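Note sheet for the following structure.
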Amino acid sequence: MKLLVCIKQVGDDGDMNRFDAHALEEALLLKKQLGDLILEPVSVDVMTVGPPGAEAIIKRAFGMGADKGYHIVIENSGYVSSFVTASLLAGVAEKSSYDLILTGIMSEDMMSGQTGPMLAKILGLPWATGVMKTSLDLTGHAMEIEREMENGFRDCLVIRLPALLTIQAGINTPRYPTLSNMLAADKKQIITHTTADLFPGPFQEKESCVGMESPEKTRLARVLEGSLSNKAEQLFAFLRKKDFI
Amino acid sequence: MKQILIIAEIFQGQMRQVTLELVAAARKIAAGLYEKENLSAIQMPRIHIIVPSGSPMPLALEISKQTGMDVIGVQIPGFKTYTSEIYISCLGQLIKKMNPSHILVAHTSQGRDFAPGLSLELNAAAIPGINQIRCDENGLIYSRPVFDNTKNMLVCPTPGSPVVLTLMPGAFKPNIQEERKPGQVEIQKIPFQTDSDNKVHIQHQQILKRPGENQALKTAKVIVAAGQGIGEKENLTLIFKFAESLSSSSVGVSRPLVDRGWIGYEHQVGITGAMVAPEIYIACGISGSSQHIAGMKDAKFVISINENPSAPIFLHSDLCIVEDVLEFIPAFLTLYSKSH
Ligand SMILES: Cc1cc2nc3c(=O)[nH]c(=O)nc-3n(C[C@H](O)[C@H](O)[C@H](O)COP(=O)(O)OP(=O)(O)OC[C@H]3O[C@@H](n4cnc5c(N)ncnc54)[C@H](O)[C@@H]3O)c2cc1C
Ligand SMILES: Nc1ncnc2c1ncn2[C@@H]1O[C@H](COP(=O)(O)O)[C@@H](O)[C@H]1O
């Protein structure tokens, strides 16, 4: 049984997207459970689309216990749509016929929440988003899952494998890389692809980024001035005047 | 004639209020297209609300009355509850026939689940989580939060490409006219078509409600809310002490604190927690993600304490205190104990 987790490098520190760490943790937990259930070997691969430095998160994933890493190297530092990312991921993933693909619910930088469902759609797989609970069906051909909805509701589904799930934080607590895994990680090979291998020619984007702005304020945003104790006094006086003290 | 379609958000057989926000956004888009392309009145883009259901007639009628808009009920034989698979098959068939330029969906757990797949089914552009729509000489521009809500990205679909837009709940004000006639209602029967393998891949089981509705958060006049900025679970004690110093108060938190098991779900404020509207909301070490803001934007007065002067929460605050919460709250409590 083959599992794939899509991971993205985000932020100035180049960390693994927070939600992807939850997705990887869930895959590793499932691997453990499956290992006890079925005889066939279970593997967890990770795949990322990113600049040359994005290798760092694959190493981190090895440290957490991932088996194989794929890096689709992208030189373009401009806007890359979820559709193009999903197409690149699909180009490599389709060769391995994964039984289960996990992604994060969204990336902290692009915040689209689209890459997972688009990848599933391209590969012709069913998907479910915002997953907070997974349990394996004993047949091994389906999973019972709970999707998070608004106002404390959960949507309970049975999804047939192969499938893709996008994972919401709160499903688990991601483990830290272990020293022994990190040492072994150096020996593990990262399989790299270039975007040109997968897509000759320019990307066919259906939308473009035309600018960036700072968000506007929706309230007064008056800033309290003074020393720490002075500010505490001002707040104290304010709350007392309003009769809350 | 240009067509704009709104996919009504339906949950447990009822239309959710966010659908009215989609109507407001659709009107804005229609006006933008009209202005930009100088269409004559007769060519004003046509807006329809799409209502998928097993037997859509009653709901479709009600929505047409409530909004004054034209409604198409999509009658899906055997339909019980939403799944992405059913929606994409049935909406896909309808939308391909209608060939709209814009398809509007709510950026909710349901909309985020099917909109990306629908956009590929239609070979359309997809713009998620829109918080503003603008129109300038280049046409319609959509703004969406990125980089942990610290920036808005402005996005334009490629000219001529249809586009699936998901709109952030709360970002567009409903503007239903007081005096309106019900719109026209039409029913189209569209069966769910399974993929080539003839299998249903997603079987809906049930909808569960997570226990832990918190009356205290709903009735509190002051909510002291803690975020990841408090650093450790133990510092929640400080937050509780702060809250206890204020009358008629209660403690709220951002989601990561619940995810980590530091405190119960009943304290969570936000789109997947409680929607609150206290007199005063005091955000302590909360960055101000759109998902959190959605839960407390109706507070009368917002005070934020955050050590980062450019934290987005300050944009949504009346009073901003740039300090380390772990130093500020003890200083406040010292004043409090002196006065008592
Ligand atoms: C589908 C979905 C639904 C979600 N629903 C919700 C929801 O209902 N509610 C919710 O809250 N979130 C929700 N989230 C999560 C949301 O995206 C954010 O991750 C979350 O709100 C961030 O919480 P935070 O502000 O506490 O943490 P962070 O974003 O980490 O912010 C911590 C803040 O503390 C400040 N800080 C750090 N140290 C100090 C200090 N010593 N003193 C003062 N300030 C300090 C930092 O400057 C920073 O601004 C949801 C996410 C998704 C994808
Ligand atoms: N460049 C990428 N490489 C690998 N996975 C990605 C990439 N971008 C997005 N993803 C996956 O898709 C999820 C949603 O991202 P997004 O659609 O950008 O919000 C992330 O949590 C990742 O699991």
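The values are calculated or read from the model by the stated rules, or taken from the named source; none is laboratory data. Owing to the predicted nature of the structure, the values given are computational and were not obtained by experimental measurement. When we count neighbours, we look across all protein chains shown, and the Cβ atoms used for this are built from the backbone with ideal geometry, even at glycine. For accessibility, only protein heavy atoms count, side chains too; no ligands or nucleic acids. Shrake-Rupley method; radii C 1.70, N 1.55, O 1.52, S 1.80 Å.
So the values come out like this:
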| item | result |
| --- | --- |
| Peptides ranked, highest mean first, by Cβ atoms within 10 Å: ranges A:17-23, B:1-7 | A:17-23, B:1-7 |
| Antiparallel DSSP beta bridges within the protein assembly as shown, percent to nearest 5 | 35 percent |
| Tilt relative to chain B, helix B:18-37 - C-alpha long axis, 0 to 90 degrees, to 10 | 60 degrees |
| Accessible-area composition of segment B:191-340, carbon plus sulfur, in percent [1.4 Å probe] | 49 percent |
| Carbon and sulfur %, accessible surface of segment B:1-121 computed with the full protein complex present, 1.4 Å | 51 percent |
| Angle in degrees between helix A:228-241 and the longest Cα principal axis of chain A, rounded to the nearest 10 | 70 degrees |
| Choice from A:S135, A:S227, A:S82 showing the highest fluctuation, given a GNM over chain A with Cα pairs closer than 10 Å | A:S227 |
| Shielding score for B:264-270, defined as the mean number of other chain Cβ atoms within 10 Å | 1 |
| Too-long pairs where the Cα-Cα distance tops 21 Å, listed order kept, from A:K231/B:K151; A:K231/B:K241; B:K2/B:K97 | A:K231/B:K151 |
| Residues in segment B:191-215 occluded by at least 40 Å² - accessible area, probe radius 1.4 Å, against chain by itself | B:H201, B:I202, B:Q205, B:L208, B:K209, B:R210 |
| Å² per residue, accessible surface of the protein assembly as shown at 1.4 Å | 43 Å² |
| Charged-residue dipole, Cβ positions (Lys, Arg, Asp, Glu), segment B:130-235 about Cα centre, Debye nearest 20 | 340 debye |
| Averaged over A:100-108, number of beta-carbon atoms from partner chains that fall within 10 Å | 1 |
| Shielded residues, segment B:273-298 - accessible-area loss of 40 Å² or more between chain alone and all protein chains, probe 1.4 Å | B:I280 |
| Rounded if a/c under 1.5, otherwise prolate or oblate - segment B:270-310, Cα gyration tensor axes | oblate |
| For B:T272, net neighbour charge (Lys/Arg +1, Asp/Glu -1) across residues whose Cβ lies under 9 Å away | -1 |
| Estimated [θ] at 222 nm from DSSP helical runs (n ≥ 4, -39500 (n - 2.57)) normalised by residues in chain B, nearest 500 | -8500 deg cm²/dmol |
| Within 10 Å of each Cβ in A:215-228, the average number of Cβ atoms from other chains | 6 |
| Percentage relative contact order, chain B, counting C-alpha pairs under 8 Å, at least six apart | 15 percent |
| Whole-Hz couplings from phi, Karplus 6.51/-1.76/1.60, listed for segment B:291-296; x for Gly and Pro | 5, 7, 3, 4, x, 10 |
| Listed peptides B:238-245, A:233-240 by packing density, highest first (mean Cβ within 10 Å) | B:238-245, A:233-240 |
| Net dipole in debye of chain B [+1 Lys, Arg Cβ; -1 Asp, Glu Cβ; about Cα centre; nearest 20] | 740 debye |
| Cβ-placed point charges (K, R +1; D, E -1), dipole of segment B:52-137 about Cα centre in debye, nearest 20 | 180 debye |
| Cα-based helix-to-principal-axis angle, A:55-64 vs chain A, degrees rounded to 10 | 80 degrees |
| Cα shape, segment A:160-203, gyration tensor, a/c 1.5 rule | oblate |
| Residue (of B:S109, B:I29, B:S53) at the positive-pole extreme of the protein assembly as shown, dipole from beta-carbon charges | B:S53 |
| Anchor A:K217: aspartates and glutamates whose Cα lies under 13 Å away (excluding residues fewer than 8 positions away in-chain) | B:D318 |
| Peptides ranked, highest mean first, by Cβ atoms within 10 Å: ranges A:62-72, B:197-207 | A:62-72, B:197-207 |
| Global form of the protein assembly as shown, assessed from the alpha-carbon gyration tensor, a/c cut-off 1.5 | oblate |
| Under 14 Å, Cβ to Cβ, from B:P52 - net charge with Lys/Arg +1 and Asp/Glu -1 | -1 |
| In sequence order, calculated HN-Hα J values of segment B:147-163 (Karplus, 6.51, -1.76, 1.60; Hz; x Gly/Pro) | 6, 6, 6, 8, 9, 10, 9, 9, 10, 10, x, 4, x, x, 8, x, 9 |
| Chains B and A, summed buried accessible surface - 1.4 Å probe, Å², nearest 100 | 7500 Å² |
| With all protein chains modelled, accessible area of A:R160 [1.4 Å, Å²] | 90 Å² |
| Surface share of carbon and sulfur [accessible, 1.4 angstrom probe, percent] for segment A:121-245 | 54 percent |
| Local electrostatic count at B:A30 - Lys and Arg +1, Asp and Glu -1, tallied over other residues with Cβ under 9 Å | +4 |
| Exposure ranking of A:K2, A:K187 by accessible area [1.4 Å probe, largest first] | A:K187, A:K2 |
